[in-house]
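The values are calculated or read from the model by the stated rules, or taken from the named source; none is laboratory data. All of these numbers come straight from a predicted model, not from anything done at the bench. What goes into the accessible areas is simple: the full protein's heavy atoms, side chains included, and nothing from ligands, DNA or RNA. Shrake-Rupley method; radii C 1.70, N 1.55, O 1.52, S 1.80 Å.
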Amino acid sequence: MRDQLRYLFSRLRERLWIKPLLACLLSVAGVQPARLADGVIVDGAVPEVTQESVIALLKIIAASML
């Protein structure tokens, strides 16, 4: 029985669609906690981001890329 299961698992790993299927299932499973966290109201824990700070950060990134 154990050899049969080992054989089935080895044959299953050879299939090309198994890894993308597992990645898809993990992605869908990862979305569920994100959906739950989206409903949580967090007051004060998120910093205030102004347009000026974003522009300053983009200027720094652009200057460092040169």
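Yes or no, residue by residue, for (1) at pLDDT 80 or above; (2) hydrophobic (A, V, I, L, M, F, W, C):
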site: 3; (1), (2): yes, no
site: 25; (1), (2): yes, yes
site: 31; (1), (2): yes, yes
site: 36; (1), (2): yes, yes
site: 43; (1), (2): no, no
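Counting only helices (runs of 4 or more DSSP H) that sit wholly inside the chain, those with at least 2 residues that are among the hydroxyl-bearing types (Ser, Thr, Tyr) and open to solvent by less than 100 Å² (accessible area, probe 1.4 Å) are 51-65.
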